[in-house]
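Enquirer: Encoded as structure tokens, here's the structure I'll be asking about.
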Amino acid sequence: MNHQPTLALRGPLLSFSADPGVDVIPKDDSVVYLEDGLLWIERGHIKHVGEAGALLSHLPADTALHHYPDKLIMPGFIDPHVHFSQLDIIASFGKQLLDWLNDYTFPEEARFADPAYAEALADAFISEMLRYGTTTALAFCTSHPNSVDALFKAASARGCRMLGGKVMMDRHAPAALTDTPERAEHESRALIERWHGQGRLEYAITPRFAPTSSPEQMHVAGTLSRDYPDLIVQTHLSENTHEIAWVSDLYPSARDYLDVYDRAGLLRDRSIFAHAIHIDDSVRQRLHSAGGRIAFCPTSNLFLGSGLFDFNAARESKVTLGIASDIGAGTSLSQLHTLAAAYQVCQLQGVSYTPWQGFYQVTHGNAAMLSLDDCIGQLKPGFEADIVILDPKGSPALARKASQATTLFEMLFNLMILGDDRAIHATYVQGRKMELAP
């Protein structure tokens, strides 16, 4: 990707140096806010951050200066659990998890056997992701290796940091989507060698979930996990009560759902489990001790009627936690929409979910969840220049609320509850402004 040699973004800058906690007043030194700040970007990375008045005179003469005085400049959003192949089945009516998979997901994913279809959807997914201000994602592909190729090619074309993997699935799914343990291993290894570490791309070992992988395939996934210990493992855990009962029937000797993964060697550092709604403190402690992480998917959990994630219990157990769109059961790629749903889920349980915590999670917090907090998620020298420019007046409702907002907290809460794609004024990837589809 060609980068502008030097670029400067001026305007209000917001970043998080640490978890701000869950109180209305954030923890000391966790919020980094400059009302008139400047990001100095060179070769796709942040070179300097500071007050505009102190830095402007030091910029090279040929610097392209983009001034956003009435906007909010933040690190690009990060989405740690998404099914890119389900873009076109968002808002499919009226089913809970297992029926939803059979009636909507599997028929759609079967279409990805066609490379042209996979490439078109991958390109559309990246375009939509950027339109909502998300610059990095951890994605499930399908069981077709060409779906991984399509996603990584589309991400590379825009310079996006992207993580993803081929779904491993050898039972309880249509024949057009199932592989075998041997094929899953061979195809996964080939994809790892082809893509992992190429530019900003990372491969993720991806067994869909315990019911659709035989014990033999779970063993293969564990072998890959041991052979490639630096790779992320992504799967699902305890999303739906019927699913949990099914897992118990399929794996009767396992202590519980998490134990199925543990016995296979899939419970370790950088293992990401989506949902984890119906779990107890024993499971949370085992996740924490092993370095396992949870992706909280509030819009999906509400849409499928799966349950209310216990955000407070997860924090008290010190499990590493991220927040994700989980399309297509999730109802939008917008992380602003995701934060609004998280607030509502927590409200129903009498738990505080502030905009400090929300915007921390979709930036620095999700970067830490993916073990990428050394390069993305903050406005910090040396970090990759993935940036979102938010417009606090981006819709009529936001504009009316903005006229009454007197604090940064109020501005962020307005964006979190009322924000959508209209609140995304611009998205930059490695310092390059993206063309956003209308």
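Enquirer: Calculated FRET efficiency, Q198 and S403, Cβ-Cβ r, R0 30 Å, to nearest 0.05?
Expert: The computed FRET efficiency comes out at 0.05.
Enquirer: To continue, here is another question. Near the amide H of C141, under 5 Å away, which other amide H atoms are found, from residues 5 or more places off or on another chain, if H is placed in the peptide plane?
Expert: G165, V167
Enquirer: In addition: Can you tell me which lysines have their Cα less than 19 Å from the Cα of K318? Leave out same-chain residues fewer than eight positions away.
Expert: Answer for K318, where 19 Å is the Cα cut-off: K27, listed by chain and number.
Enquirer: I'd like the Karplus ³J(HN,Hα) series for region 354-369: coefficients 6.51, -1.76, 1.60, θ = phi - 60°, whole numbers in Hz, and an x wherever there's a Gly or Pro.
Expert: Running phi through 6.51 cos²θ - 1.76 cosθ + 1.60 with θ = phi - 60° gives 8, x, 4, 5, x, 6, 4, 4, 6, 10, 4, x, 5, 4, 5, 4 Hz.
Enquirer: Can you list the HN-Hα couplings for region 271-280, worked out from phi with the Karplus curve (6.51, -1.76, 1.60; θ = phi - 60°), rounded to whole Hz and with x for Gly and Pro?
Expert: Working through the residues one at a time gives 8, 10, 10, 6, 5, 6, 7, 9, 10, 10 Hz.
Enquirer: Also, I was wondering about something else. Given a Förster radius of 22 Å and the C-beta distance between E435 and V32 as r, what FRET efficiency does 1/(1 + (r/R0)^6) yield to the nearest 0.05?
Expert: Once rounded, the FRET efficiency stands at 0.15.
Enquirer: Another one. Probe radius 1.4 Å, ligands and nucleic acids ignored: give me the carbon and sulfur share of the accessible area of the chain as a rounded percent.
Expert: 51 percent
Enquirer: Please report, in whole Å, how far the alpha carbons of region 314-427 spread along each principal axis, starting with the longest.
Expert: Over region 314-427, Cα extents along the principal axes are 38, 38, 31 Å.
Enquirer: Also, quick follow-up: So if I take the centroid of the Cα atoms in region 266-326 and the same for region 402-438, what is the distance between those two points in Å?
Expert: 27 Å
Enquirer: Hey, what number do you get for the chain at 222 nm if only DSSP H runs of n ≥ 4 count, each worth -39500 (n - 2.57), divided across all residues, to the nearest 500?
Expert: That comes out to -10000 deg cm²/dmol.
Enquirer: Using alpha carbons only, how many angstrom separate the centre of region 157-189 from the centre of region 50-70?
Expert: For region 157-189 versus region 50-70, the Cα centre distance is 46 Å.
Enquirer: For a quick protection proxy, order the peptides 320-333, 161-174 by their average other-Cβ count within 10 Å, most packed first.
Expert: Those peptides, ordered most packed to least, come out 320-333, 161-174.
Enquirer: The chain: Rg/Rh from Cα coordinates, Kirkwood Rh?
Expert: That ratio is 0.96, to two decimals.
Enquirer: Also, quick follow-up: With a cut-off of at most 14 other beta carbons within 10 Å, and DSSP calling the residue loop, which trypsin sites (Lys or Arg not before Pro) in region 246-334 qualify? Please list them.
Expert: In loop regions of region 246-334 (DSSP not H, G, I, E or B), the sparsely surrounded trypsin sites (Lys or Arg not before Pro) are R255, K318.
Enquirer: If you don't mind, another one. Give me the extension gain from Q285 to D99: residue separation times 0.36 nm, minus the current Cα-Cα distance, reported in nm with one decimal.
Expert: So the extension gain works out to 63.8 nm.
Enquirer: For region 271-371, report the accessible area per residue in Å² (1.4 Å probe, heavy atoms, rounded to an integer).
Expert: Spelled out: the 1.4 Å probe surface of region 271-371, per residue, equals 26 Å².
Enquirer: Separate question: Can you return the lysines within cross-link range of K401? Criterion is Cα-Cα under 20 Å, with same-chain partners fewer than 8 residues away left out.
Expert: Here the lysines satisfying the reach criterion relative to K401 are K71, K393.
Enquirer: Another one. By how many nm would the segment from H219 to E182 lengthen if fully extended, with 0.36 nm per residue of separation less the alpha-carbon distance?
Expert: Extra length available between H219 and E182 comes to 12.2 nm.
Enquirer: Can you list the residues, at least 5 places off or on another chain, whose amide H is less than 5 Å from the amide H of H236, using H built in the peptide plane?
Expert: A210, A274
Enquirer: For E42, E316, what's the largest-to-smallest order of accessible area, 1.4 Å probe?
Expert: E316, E42
Enquirer: Loop-only chymotrypsin sites (Phe, Trp or Tyr not before Pro) in region 126-219, please: DSSP not H, G, I, E or B, and at most 14 other Cβ atoms within 10 Å.
Expert: none
Enquirer: While we're here: Can you give me the relative contact order of the chain as a percent, contacts being Cα pairs under 8 Å and 6 or more apart?
Expert: With pairs under 8 Å counted, the relative contact order is 20 percent.
Enquirer: Provide the per-residue ³J(HN,Hα) series for region 298-305, in order, calculated from phi with Karplus coefficients 6.51, -1.76, 1.60 and θ = phi - 60°, each as a whole number of Hz, with x at glycine and proline positions.
Expert: Couplings: x, 5, 5, 4, 6, 5, 8, x Hz.
Enquirer: Hey, another quick one. Roll a 1.4 Å probe over the protein chains and send me the accessible area per residue for region 69-228 in Å².
Expert: Here the per-residue accessible area is 32 Å².
Enquirer: Out of F413, F77, F296, any idea which swings most in a Gaussian network model of the chain, alpha carbons joined below 10 Å?
Expert: F413
Enquirer: Residues with amide H under 5 Å of V32's amide H, sequence separation 5 or more or different chain, H placed in the peptide plane at 1.01 Å from N; which?
Expert: S15, F16, S17
Enquirer: For R255 and S92, calculate 0.36 nm times their separation in residues minus their Cα-Cα distance, and state this gained length in nm to one decimal.
Expert: Value of the extension gain: 55.2 nm.
Enquirer: If the reach is capped at under 16 angstrom between alpha carbons, list the lysines near K153, excluding any in the same chain fewer than eight residues apart.
Expert: Within reach: K166.
The values are calculated or read from the model by the stated rules, or taken from the named source; none is laboratory data. A quick note: this is a predicted structure, and the numbers were derived from the prediction, not measured. Note that each Cβ is placed from the backbone with ideal geometry, even for glycine, and that neighbours are counted across all protein chains shown. With ligands, DNA and RNA removed, areas are computed over all heavy atoms of the protein, side chains included. Shrake-Rupley method; radii C 1.70, N 1.55, O 1.52, S 1.80 Å.
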